[in-house]
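Colleague: Please find one structure pasted underneath; my questions will follow.
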Amino acid sequence: MRNLPSTLPVLFICEIFFLLGHGLIMTLLGVRMSLEGFPSQMAGLLMSSFSLGFVAGSYLLEKRIRSVGHIRVFSACAAVLAVTAMLHGLWVNQWAWLFWRLFGGAATAGLLMVMESWVSGESSNDNRGRVLSIYLVISTTSLAGGQWLLNAADPASMVLFSVTGILFALSLIPLSIYRIHGPARSGHETALKLPLKVLYKRAPVGLAGAFAAGMMVQAFFAMTPYYGQEIGLSTGQTAQFMSITTLVALVAQWTLGRVSDRLDRRKVILFMALVMAISGAVISFVARTDYLFLLLTACLHTAMLHTLYSLSLAHTNDWLEPEETIQANAKLLIWYGIGSIVGPFSASLAMQLFGPDGLWMFLGSVSLVLAGFVLTRLRGRRSWAPEVAQEPWVPTAPMETSHYVELDPRYEPHQFELEFGPEQGAR
């Protein structure tokens, strides 16, 4: 940390508080909805509302960052999250919660855009891989740590909502008390347009994988706490289940990523999809009879699940020219966002039809469809071939986000010197 640019340690402290709060409220809402007797489809709608707000915030807040700067947007978004977190506890109403999560999704997108563009702008080719590794570890461990905080108080009370609001508010302090500047911006002046039809022709598995990842990752985060309460897990077991199944992504990201650098990534994605389909079936019919068996099987499933988007992104980039990557990654994120809107509500409907195990039936079914699609593509021929060899894989954290491409160590951002007037110096 001593060798990092001076602003990044401060930003990482803010990241810890933000993701602790984010991890806590994601799990808390699912548990509380079950305790309140809300229908399962409402839990799915809640995450779909969050995802819709996230997609909208990704587009709208990018202009605000350019207009007023990173620090002001971070402060505004953290304040919105703190307020909406406490409003969940003050007004326990499913329709009101739907509204709060819409704003929460937009504010979360704003915070992630600020943090990731900041990390990108403050790093270079010499240290970007190391900076990304630190950012990834902090993201995953903080997210899991927030889920452990569910044990701190009774989820049926107001206390945990207040704790969440406090964590979001604490993320404001480091940026407020240190006199630091915002990051330099990055971009690619030679970016080319890439129509969706052309992208699908080149990397259909990448698009399908991104869409499936959006459906399954958000369904998992939205519905698993609800599932845990419905099958009789204690609050402590639910928190443990969520945090451990999230942490396994650290090992899986690196292991599967390195394997995919040596093999056709489509074959690795096919293997992952088959493992998820089989483990989903096992959990649906057998695993819930024993908690330890359930946890181990779910870890196997989520190890694949949290790595799917990374490999889909890497596979897509294998078939692109460098000038096409921005447009391609933007389209993948749109499909991920669409999947994250559709997935949670679809999973909730499956739970309504088949009971709690409907969650894993849904996840397994999506995985099986993805495996079938990949298999058909492996049997066919490509009509377009890249001029370069397969690119090295780059890890991404198991959270929805819209700017991981800026952290890709294959690209060197253009640095700009920003001059502030006297009235802007303390921004």
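The values are calculated or read from the model by the stated rules, or taken from the named source; none is laboratory data. These figures come from a predicted structure and were not determined experimentally. Cβ placement follows ideal geometry from the backbone for every residue including glycine, while neighbour counts extend to all protein chains displayed. For the accessible areas, the whole protein counts, side chains as well, though only heavy atoms, and no ligand, DNA or RNA atoms are used. Shrake-Rupley method; radii C 1.70, N 1.55, O 1.52, S 1.80 Å.
Colleague: Compute, for THR245, the solvent-accessible surface of its heavy atoms (probe 1.4 Å) with the complete set of protein chains present, and express it in square angstrom to the nearest 10.
Modeller: 0 Å²
Colleague: Another one. Within 10 Å of each candidate Cβ there may be at most 10 other Cβ atoms; applying that plus a DSSP loop requirement, which trypsin sites (Lys or Arg not before Pro) in region 211-284 survive?
Modeller: On the way: sites: ARG258, ARG262, ARG265, ARG266, LYS267; in loops: ARG262.
Loop-located and lightly packed - ARG262.
Colleague: Continuing with the same structure: Enumerate the lysines that LYS197 could reach by cross-link, defined here as Cα to Cα under 26 Å, with residues fewer than 8 away along the same chain left out.
Modeller: Leaving aside lysines fewer than 8 places away in the same chain, those within reach of LYS197 are LYS267, LYS331.
Colleague: Which value in nm describes the separation of the simple spin-label points at LEU35 and ASP264, placed 7 Å from the Cα toward the beta carbon?
Modeller: With each label placed 7 Å out from Cα toward Cβ, I get 5.1 nm.
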